[in-house]
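Below is one structure; the comments refer to it alone.
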Amino acid sequence: MTTPPAPADQPTAPTAVKHTPFEDALGILTGTFVVSLGLFLLESVSAVTGGTAGLSLLVSYVAPLPFAVLFAAVNLPFFLLAITKKGWSFTLRTGAAIALVSGFSVLHPAVFGTVDLPPLYGVLAGNALAGVGLLILFRHRSSLGGFNIVALIAQERLGWRAGYVQMALDTAVVLAAFAVVPATTVLVSALGAVLLNLVLAMNHRPGRYTGY
């Protein structure tokens with residue numbers, strides 16, 4: 001018995017369209033620029049966020065080391081996990097993204113100087129930009145290392161949403177900030193971290209995006 005053909009008006013599954021090397025390069029460049037601008041706003045109001053970027057910001061407030069150096073150092077232990085679980089292509093893209101964010105983190109203060117922002121605006125705008133930038137990186141098979149790698153592996157292997165996994169891990173970093181920055185800043189930072197991860201959870205879900 002043959003299977004009847006599908007009705008003409010029945011939608012067909014979308015075909016995945018691979019990004020070209022140029023699209024990947026431009027996507028990673030754009031994503032890292034947006035993320036680094038968000039981190040610049042956060043640093044301008046002495047706030048924190050989640051992930052290794054937030055951890056690096058937190059350490060930079062108490063250690064005489066620039067964010068760029070700390071961000072690269074904190075991510076080193078996660079590269080082995082990326083190589084074994086995600087492969088060399090993803091790892092190299094992530095390494096390039098980390099290097100670009102570190103470089104942009106030096107560029108923004110040189111261009112803007114010291115900026116005076118309301119803390120709430122700096123936290124919300126900074127996290128919104130970081131979330132959008134991370135979303136761009138994820139969709140070009142890259143990340144900013146650290147918790148991003150863990151979140152992406154959990155989504156691919158277990159079906160958990162990357163944004164929610166990231167949110168759980170970020171909570172630990174934000175709570176650690178109580179030891180370094182004022183409590184009011186930590187509470188506002190927690191709100192911003194939730195916003196960042198909601199951007200990821202709503203826009204980067206299993207099966208929603210078919211490009212690669």
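Tabulated values for the structure
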{"quantity": "³J(HN,Hα) computed for each position of the stretch 65-80 - Karplus, 6.51 cos²θ - 1.76 cosθ + 1.60, integer Hz, glycine/proline x", "calculated": "10, x, 4, 4, 5, 5, 5, 5, 5, 5, 7, 4, x, 7, 5, 4"}
{"quantity": "Projected area averaged over orientations for the stretch 45-127, convex hull of C-alpha atoms, nm²", "calculated": "6.0 nm²"}
{"quantity": "Rg/Rh for the stretch 98-212, where both radii come from Cα atoms and Rh is the Kirkwood radius", "calculated": "0.99"}
{"quantity": "For the stretch 108-190, accessible area per residue (1.4 Å probe, heavy atoms of protein chains only), Å²", "calculated": "46 Å²"}
{"quantity": "Debye log10 I(q)/I(0) for the chain, one point scatterer per Cα, at q = 0.11, 0.15, 0.16, 0.18 Å⁻¹", "calculated": "-0.51, -0.89, -1.01, -1.27"}
{"quantity": "Relative contact order, percent, the stretch 103-212 [alpha-carbon distance under 8 Å, six or more residues apart]", "calculated": "38 percent"}
{"quantity": "For the stretch 46-85 and the stretch 108-137, distance of Cα centres in Å", "calculated": "17 Å"}
{"quantity": "Nearest-ten-degree value, helix 162-176 long axis tilted from longest Cα axis of the chain", "calculated": "10 degrees"}
{"quantity": "Calculated from backbone phi, Karplus (6.51, -1.76, 1.60) coupling profile of the stretch 178-192 in Hz, x at Gly/Pro", "calculated": "4, 7, 10, 10, x, 4, 5, 5, 5, 5, 5, 5, 4, 4, x"}
{"quantity": "The stretch 111-212: trypsin sites (Lys or Arg not before Pro) in DSSP coil with no more than 11 other Cβ atoms inside 10 Å", "calculated": "R208"}
{"quantity": "Angle in degrees between helix 119-138 and the longest Cα principal axis of the chain, rounded to the nearest 10", "calculated": "40 degrees"}
{"quantity": "Charge sum, other residues only, whose C-beta stays under 10 Å from S143's C-beta, Lys/Arg counted +1 and Asp/Glu -1", "calculated": "+3"}
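The values are calculated or read from the model by the stated rules, or taken from the named source; none is laboratory data. Model, not experiment: these values are computed from the prediction. Virtual Cβ from ideal backbone geometry, glycine too; neighbours counted across all protein chains shown. These accessible areas exclude ligands, DNA and RNA; they are computed on the full protein's heavy atoms, side chains included. Shrake-Rupley method; radii C 1.70, N 1.55, O 1.52, S 1.80 Å.
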